[in-house]
1. Hey, among the residues in region 61-94 that are surrounded by fewer than 13 Cβ atoms within 10 Å (Cβ to Cβ) and at pLDDT below 70, which one's farthest from Val51 (Cα to Cα)?
2. State which residue pairs qualify: first residue farther than 12 Å from Leu114 by Cβ and inside region 138-158, second residue among the aliphatic types (A, V, I, L, M) and part of a loop (DSSP other than H, G, I, E, B) in any location, beta carbons under 7 Å apart, and separation of 6 or more residues or different chains.
3. Go through (1) within 17 Å of the chain's Cα centre (by Cα); (2) on the phi < 0 side of the Ramachandran plot; (3) at pLDDT below 90 for Val215 and report which single condition fails.
4. Any residue that is open to solvent by 60 Å² or more (accessible area, probe 1.4 Å), more than 26 Å from Ser242 (Cα to Cα) and out of contact with any Phe, Trp or Tyr (no Cβ under 9 Å at 6 or more places or on another chain) - is there at least one of those in region 149-158?
5. Output the residues belonging to region 169-226 that are open to solvent by less than 40 Å² (accessible area, probe 1.4 Å), more than 23 Å from Ile148 (Cα to Cα) and among the hydroxyl-bearing types (Ser, Thr, Tyr).
6. Quickly run through region 217-237 and pick out the residues that are in a strand (DSSP E or B) and either polar (S, T, N, Q) or closer than 20 Å to Glu107 by Cβ (or both).
7. Being touching a Ser or Thr at 6+ places or on another chain (Cβ under 8 Å), free of Cβ contacts under 8 Å to residues at least 12 places away in the same chain and not aromatic (Phe, Trp, Tyr) is the requirement here; does Ser195 meet it?
8. Being assigned to a loop (DSSP other than H, G, I, E, B) and either open to solvent by 20 Å² or more (accessible area, probe 1.4 Å) or modelled with pLDDT of 90 or more (or both) is the filter here; which residues of region 159-168 pass it?
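The values are calculated or read from the model by the stated rules, or taken from the named source; none is laboratory data. Please read all numbers here as calculations on a predicted model, not as lab measurements. As a convention, Cβ positions derive from the backbone with ideal geometry for all residues, glycine included, and neighbour counts pool all protein chains shown. Heavy atoms of the whole protein, side chains included, go into the accessibility calculation; ligands, DNA and RNA do not. Shrake-Rupley method; radii C 1.70, N 1.55, O 1.52, S 1.80 Å.
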Amino acid sequence: MLDIFNNTNFRWLLDLLDILLVAFIIYRIILLIKGTRAVQMLVGLAVILIVYVGSQVGGLYTLHWLLENFLSSIILVIIVIFQSDIRRALIHVGRNPFFADLSYKEETEVIEELIKACVNMANKRIGALIVIERETGLNDFLEVGVEIDAKVSSDLITSIFLPFSPIHDGALVIQQGRLKRAGCFLPISQNPDISKTLGTRHRAAIGLTELVDAVAIVVSEETGKISVVVGGRITRDLDSTSLKRVLSRLLEPRLNKKKKR
């Protein structure tokens with residue numbers, strides 16, 4: 001029996017499995033932190049590590065001593081800096097990004113209701129900001145807002161953003177295929193390259209999606225145009241057809257797979 005485990009071929013298979021598991025874990029970590037503040041923090045830590053190596057090679061003893069003491073507690077530093085991201089990652093392990101626990105029919109209904117609401121509000125020049133959670137949790141940005149927890153409905157979405165509604169100025173947040181909170185305030189983007197023609201809703205959509213991988217839909221009150229924002233990038237002037245195409249690509253991975261089959 002021991003000869004089987006000492007066999008060279010078996011050892012080679014174990015090494016291959018080990019490498020594949022590590023590669024998969026790294027890949028999942030990259031997906032979890034993609035589009036979040038953790039990326040910038042990791043870049044900063046990488047720069048410190050490069051400076052540490054450079055100070056050792058260049059003979060900068062004082063700088064090397066300081067960085068050596070800092071890096072000796074790097075595990076604790078990482079836990080403190082990335083505590084919210086680590087918590088979010090543990091929550092989302094094994095979780096479907098958007099349509100968890102929804103059937104094929106329910107998936108398509110959510111998309112259709114969203115499109116119907118956005119087109120309806122665009123035609124009536126009703127301003128709206130709808131945020132859809134994907135892999136990165138949004139709870140850190142939901143301290144302000146009114147809890148709803150309702151099925152996605154075009155009529156309900158439209159009523160929330162009517163001018164006389166007390167929560168029409170904030171963002172409506174969709175999590176796991178349900179309307180969760182309304183009247184939420186989002187971080188405004190500080191990017192100086194943003195067009196001055198974009199209002200507060202557009203800047204809030206850009207600001208949030210710069211930090212997380214959420215999808216934001218904005219309906220302009222002034223122009224009646226529909227825009228989608230992902231990763232801090234905005235796609236403007238969408239009609240019902242193009243909006244459906246964009247949302248299907250971003251939110252329906254399982255539906256797209258079925259269509260390909």
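1. Per the criteria, the residue is Gly94.
2. The qualifying pairs are Leu138/Val212; Leu138/Ala214; Phe141/Leu186; Val146/Ile167.
3. Going through the list (1) within 17 Å of the chain's Cα centre (by Cα); (2) on the phi < 0 side of the Ramachandran plot; (3) at pLDDT below 90, Val215 breaks only (3).
4. yes
5. Result: Ser189, Ser220.
6. Applying the first criterion (in a strand (DSSP E or B)) to region 217-237 yields 217-219, 226-230, 233-237.
Ile217, Ser227, Val228, Val230, Thr235, listed by residue number.
7. Working: touching a Ser or Thr at 6+ places or on another chain (Cβ under 8 Å): no; free of Cβ contacts under 8 Å to residues at least 12 places away in the same chain: yes; not aromatic (Phe, Trp, Tyr): yes.
Considered against the rule, which asks whether it is touching a Ser or Thr at 6+ places or on another chain (Cβ under 8 Å), free of Cβ contacts under 8 Å to residues at least 12 places away in the same chain and not aromatic (Phe, Trp, Tyr), Ser195 comes out as no.
8. Taking region 159-168 first, the residues assigned to a loop (DSSP other than H, G, I, E, B) are 161-168.
Within region 159-168, Phe161, Leu162, Pro163, Phe164, Pro166, Ile167, His168 qualify.
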